[in-house]
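Okay, so here's the structure we're looking at.
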Amino acid sequence: MKHTFFSLALFSVVTTSLYAQSDFRDGYVVKNDNDTLYGLIDYRWNIANSKKCIYKENVNAEKQEFTPGDLKAYRFTDGKYYVSKAIASGKTNDLVFLEYLINGIVDIYYYRDLNTDHYLIDKGDGVLLELKNDEREVVVNGETYLKNSNEYIGRLKYIFMESPSVSKKVEGISLDSKSLIKIAKDYHNEMCTNEACIIYEKKMPKMKVVFGFGPLVGLSVINVSINQVPDNYDYLKYSNFSTDYAPSVGFFIKAGIPNLNKNLHLEYSGTFSKWNTATHNSYIEPVNNMTYTNDISLKQNSFNNALHVKYEYARGKYRPTLKLGFFKNYFFNTDFTREIDLKWSWGETFRNSVSHENPFSKSDYGISMGAGVIREISKKCGAFLDFKYQRGAGLLSNINLKDQYTDNFSLSFGIQFGK
């Protein structure tokens, strides 16, 4: 139970920390009195960006939170631009930060709530009209189906009716940012030749993948727990396996796409280790009143694979990291020995024997999570220390029992080359 609590607690810390991390980028905010403040703005998810703006003057300054009622607008430098607008929400109008996609003869805005994406258009009169594509039930030959309403197509055709060519193009577009920006730009260019429209959506640079790699060494603390076994594994029932300390050596490689998120990476690690464990148990067989004594030892080599989504803080010489993923370990060169001593109730030995029939699986798998820190040595080299916890499904072959599992706590040191 304590191991389960620990794993759940660590999982909660990792996921909460990943969600809570900030990513401050250059930008500015415009207050209601038109005072403009330049500094850093937290770049977050679409839902969060529509609700509040988190600003600070510089890296070391305190954070300031602004709601849509506090600001006229905020913008990331050469990037996304948000303006405060009132939108209809039931019987009331709510202030929301809308992402300003394009400023032209018609303006288009976007925001996301918990349920869906919303696109709004202003044809120049200051009134926001939502472009909708709701699912509706239709009945055909007695069968009920869900069908998209495509309501946005009719609304756009009406708004663009002064341009027959653009109005015709509307019939084939999707309800997404890229399509709406393009059709609004086409309309602007046709109807207004003396002034270009402004597209605020950031043009992404060419997508590139950056890699990091290097060697690593570590030390693992491995514990095997078997509290429930089927009848054919009775000799394991009262086992208390010893904890083993196993050194490991291996490598890792990670990949990231900084255009999308400079903090997130996909990381694979492969390590080789040798480990062993042993147990002694004794119990009485009730039918013949005989005492069974087992001395069990297990030695094997292991190649350990782990794949994580890794969050790496992007600034500073010391950069904390968090990761969450899964692992699968393969075992080979296994040496399993079971020494059996069977005695009658009066103490006389009935049988002594040795068995090498291995009941354990050739692999183990489960969840993996961890935290660490990277020390930057140069722009393309760093040293890191990682703590990792893995909870495995257990080592018994072809047995799915909730009361058997493995715990692996490891501490690794490595050198990273590349980004």
* What list of ³J(HN,Hα) values in whole Hz, one per residue of the range 278-289 in order, does the Karplus curve 6.51 cos²θ - 1.76 cosθ + 1.60 (θ = phi - 60°) give from phi, with Gly and Pro shown as x? -> 8, 8, 10, 9, 8, 8, 9, 7, x, 5, 9, 6
* **Label-to-label distance, nm, for residues given as Asp35 and Phe413 (7 Å Cα→Cβ offset)** => 5.2
* Asked: Hey, got the dipole for the chain? About the Cα centre, +1 on K and R Cβ, -1 on D and E Cβ, debye to the nearest 20?
  -> 1180
* To do: May I ask you to list the aspartates and glutamates whose Cα is less than 17 Å away from that of Lys254, ignoring any residue fewer than eight positions away on the same chain?
  => Glu267, Glu312, Glu376, Asp386
* To do: Give me Lys323, Lys168 ranked fewest to most by other Cβ atoms within 10 Å of their Cβ, as a rough exposure proxy.
  => Lys168, Lys323
* How long is the gain from Asn232 to Thr116 if the chain were fully straight, where each residue apart is worth 0.36 nm and the alpha carbon distance is subtracted? -> 36.3 nm
* Asked: Mind checking which lysines have their C-alpha under 22 Å from Lys299, skipping anything on the same chain fewer than 8 residues away?
  -> Lys237, Lys274, Lys328, Lys362
* Work out how much length Val354 to Thr293 would gain on full extension: take 0.36 nm times their residue separation and subtract the Cα-Cα distance, in nm to one decimal. => 20.8 nm
* Order of Cys197, Cys53, Cys192 under a 10 Å beta carbon neighbour criterion, fewest first -> Cys192, Cys197, Cys53
* Förster radius 30 Å - calculated FRET efficiency between Tyr145 and Lys168 (Cβ-Cβ, nearest 0.05) -> 0.60
* Span-like helices, the chain: DSSP H, alpha-carbon axial extent 24 Å or more, mean Kyte-Doolittle 0.0 or greater, which ones? -> 2-20
* Asked: Over the range 299-347, what is the relative contact order in whole percent, taking alpha-carbon pairs under 8 Å and six or more residues apart?
  -> 43
* To do: Compute the label zone of Ala278 within the range 333-372: residues whose backbone N is under 14 Å from the point 7 Å along Cα-to-Cβ.
  => 336-340
* To do: Mind putting a number on the dipole of the range 21-199 about its Cα centre? Charges go on the C-beta only, +1 for Lys and Arg and -1 for Asp and Glu, and I need it in Debye to the nearest 20.
  => 140
* Do the sum for the chain: with -39,500 (n - 2.57) for every DSSP H run of n ≥ 4, divided by all residues, what is the mean residue ellipticity at 222 nm, to the nearest 500 deg cm²/dmol? -> -4000 deg cm²/dmol
* Order these peptides, 339-352, 144-157, by their mean beta-carbon neighbour count within 10 angstrom, highest first. => 144-157, 339-352
* Asked: Pulled fully out, how much extra length does the chain show between Glu130 and Ser242, if you take 0.36 nm times their separation in residues and subtract their Cα-Cα distance?
  -> 33.8 nm
* Charge sum, other residues only, whose C-beta stays under 9 Å from Leu411's C-beta, Lys/Arg counted +1 and Asp/Glu -1 -> 0
* Just order 54-63, 267-276, 95-104 by mean Cβ neighbour count inside 10 Å, highest at the front, would you? => 95-104, 267-276, 54-63
* Structure fact -> When Val83, Val309 are arranged by how many other beta-carbons sit within 10 Å of their Cβ, fewest first, they go Val309, Val83
* For each pair in Lys72/Lys317; Lys72/Lys419; Lys132/Lys168; Lys51/Lys380, compute the distance between the two Cα atoms and list the pairs where it is over 27 Å. => Lys72/Lys317; Lys72/Lys419; Lys51/Lys380
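Where a number appears in this text, it was derived from the coordinates with a stated rule and is not lab data. All values derive from a computational prediction rather than experimental measurement. Ideal geometry is used to build each Cβ from the backbone, glycine not excepted, and the neighbour counts take in all protein chains shown.
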